[in-house]
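This report concerns only the one structure given below.
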Amino acid sequence: MKIILKQDIAKLGFTNDIISVKDGYARNFLIPQGYAIQATVQNEKILAENLKQKAHKEEKVRTQAQVIADSIQAISLQIGAKVGTSGKIFGSVNSMQIADALKEQGIEIDRKKIIVDTEKIKEVGEYTATVNLHRDVKATIKFEVIAE
């Protein structure tokens, strides 16, 4: 029996895949549990239309992420931190401070999407961080940690 998966199932397939399974497995487990629907001609047409609309929306989101990535890469940030006499920072600089500095520049990004390339930033200097805006779009931020 041909079925259309509604969600990812390990060792079987991914969401919206059309696969063939044994009739009993489909009728007794996959369809009643809501994991799949039968792949009739009508359901296949609906799936094709949904995938087309989803691809259009996905492309729109990706282009918006690319615009943000281009604007981020043009910016050079300066992050102020309290520094001791030896040049070391009290505490460390993390993604939250980078997100706040970007917000001051007019770009609002969730701090969870910012990954600092260096393990911990404990000294004054220049560093980079990566921002995951979309699964296909990543941007690199150059920032400098300066003494306040």
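No lab work stands behind these numbers, since they all come straight from the coordinates. Every value quoted in this text rests on a predicted model; they were computed, and no experiment measured them. Positions of Cβ are backbone-derived with ideal geometry, glycine not excepted, and every protein chain shown enters the neighbour counts.
Annotations for the structure displayed:
- Among the trypsin sites (Lys or Arg not before Pro) within the stretch 27-64, not one is in coil by DSSP while having at most 11 neighbouring Cβ atoms inside 10 Å.
- For the stretch 14-89 versus the stretch 100-148, the gap between their alpha-carbon centres in whole angstrom: 24 Å
- Values [x] 22, 18, 14; [y] 49, 18, 10; [z] 27, 16, 15 are given for comparison; semi-axes √(5λ) of the Cα gyration tensor in Å, derived from the coordinates here, is the one labelled [y].
- Tail beyond 19 Å, pair distance distribution of the stretch 65-147 (Cα, percent): 32 percent
- Per DSSP, loop GluC sites (Glu not before Pro) in the stretch 28-125 with at most 13 further Cβ within 10 Å: Glu108, Glu119
- Acute angle (nearest 10 degrees) that the helix 41-74 long axis makes with the longest principal axis of the chain, alpha-carbon atoms: 10 degrees
- Among the chymotrypsin sites (Phe, Trp or Tyr not before Pro) in the stretch 1-32, those located in a DSSP loop and surrounded by at most 11 other Cβ atoms within 10 Å of their own Cβ are Phe14.
- Helix 95-104 and the long axis of the chain differ in direction by around 80°, with both axes built from C-alpha atoms.
- Annotation for Thr40 and Asp17: the two label points, set 7 Å from Cα along the Cα-Cβ direction, are 2.5 nm apart.
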